[in-house]
Amino acid sequence: QPSKLMLDNLIQAPLGDDVFVEDPTVNKLEDHAAKLLGKEKALLVPSGTMGNLVAILVHAPRGSEVILGDCSHTFIYEAGGISAFGGIHSHQLKNESDGTINTESIESAIRQNNVHFPRTALICLENTQNMCFGSPISTTYTNGVSQIAKKNNLKLHIDGARIFNAAVALNVDIRELTKNADSITFCLSKGLSAPIGSVLCGTKEFIHEARRIRKAL
């Protein structure tokens, strides 16, 4: 729960119209988040679920496919939003007990260029992997998956709801866990005890499109 100090700061925070990018508090938060994760820009969203949905809608065109874990939050707990709102097909692969997905399985799941198949557009990872004992996912593994994505002209999104926990557990700088991701979400309502909110980070071009999709949602 928010502390008294946090609630007092909420009451005193200067406000503006975020639709016109005129909320000084939100702008400061987004700038800080982007720098913290080593990305160009960031966007505040009401929840991690919306953050993941927005990211996937930017990266994956309607009718394309996203590779993700069968224990991932996006597959289990996000109400099928990528299919309902994006017309995006999910290709679920087995999460190992340590939260990873076998990299050979990822490579095998990437579709050939064939009219019978949806085009693979995106790989999604989760860090920490909530349904696999909260396992932190290492930089070595993430970088390996990033290489697969780049080799196949795919994007990599990380659902980093608890990625700061992963950085602490692995004793690494947060940027080491995020530098090879095309986009990443993290939750304000987890370790920070904020009442709501997540932040989506990526390139300027990515966030420009993400802001448009957030508006639509």
(request) Return the inverse of the average 1/r over all pairs of distinct C-alpha atoms in segment 159-208, which is the Kirkwood hydrodynamic radius, in Å to one decimal. (result) 11.5
(message) Quick check: with the 1.4 Å probe, what order do 209, 40 take by accessible area, largest first?
(response) 40, 209
(message) Using a Debye calculation, one point per C-alpha and no hydration shell, please list log10 I(q)/I(0) for segment 27-111 at q = 0.14, 0.21 Å⁻¹ in order.
(response) -0.60, -1.05
(request) Using the structure shown, list the pairs from 4/204; 151/215; 28/179; 28/150; 4/179 with a Cα-Cα distance above 24 Å, or answer none. (result) 4/204; 151/215; 28/150; 4/179
(message) I'm spelling it out carefully: the read-out is mean projected area of the Cα convex hull in nm², the candidates are [x] 21.7; [y] 12.9; [z] 11.9, and one was derived from this structure. Which label?
(response) [z]
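Calculate, for the chain, the solvent-accessible area per residue in square angstrom, rolling a 1.4 angstrom probe over the heavy atoms of the protein chains. Kindly include the intermediate steps, with their values, before the conclusion.
Details: 11440 Å² over 217 residues.
I get 53 Å² per residue for the chain.
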(request) For segment 144-217 and segment 55-94, compute the distance between their C-alpha centroids and round to whole Å. (result) 16
(request) Quantify, in whole percent, the carbon and sulfur part of the accessible surface of the chain (1.4 Å probe; protein heavy atoms only). (result) 54
(message) Past the 16 angstrom mark, what percentage of all C-alpha to C-alpha distances in segment 95-205 do you count?
(response) 61
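Net charge near residue 112: determine it from the other residues with C-beta under 14 Å of the C-beta of residue 112, scoring Lys and Arg +1 and Asp and Glu -1.
Working: positive: 111, 119; negative: 65, 107.
With Lys, Arg at +1 and Asp, Glu at -1, the net is 0.
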(request) Mind putting a number on the dipole of the chain about its Cα centre? Charges go on the C-beta only, +1 for Lys and Arg and -1 for Asp and Glu, and I need it in Debye to the nearest 20. (result) 320
(message) Over all directions, the average projected area of the alpha-carbon convex hull for segment 69-124 comes to how many nm²?
(response) 4.2
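The values are calculated or read from the model by the stated rules, or taken from the named source; none is laboratory data. All of these numbers come straight from a predicted model, not from anything done at the bench. In this analysis, Cβ positions are derived from the backbone assuming ideal geometry, glycine residues included, and neighbour counts consider all displayed protein chains. Ligands, DNA and RNA are stripped out before the accessible areas are found, and what is left, the full protein with its side chains, is counted by its heavy atoms. Shrake-Rupley method; radii C 1.70, N 1.55, O 1.52, S 1.80 Å.
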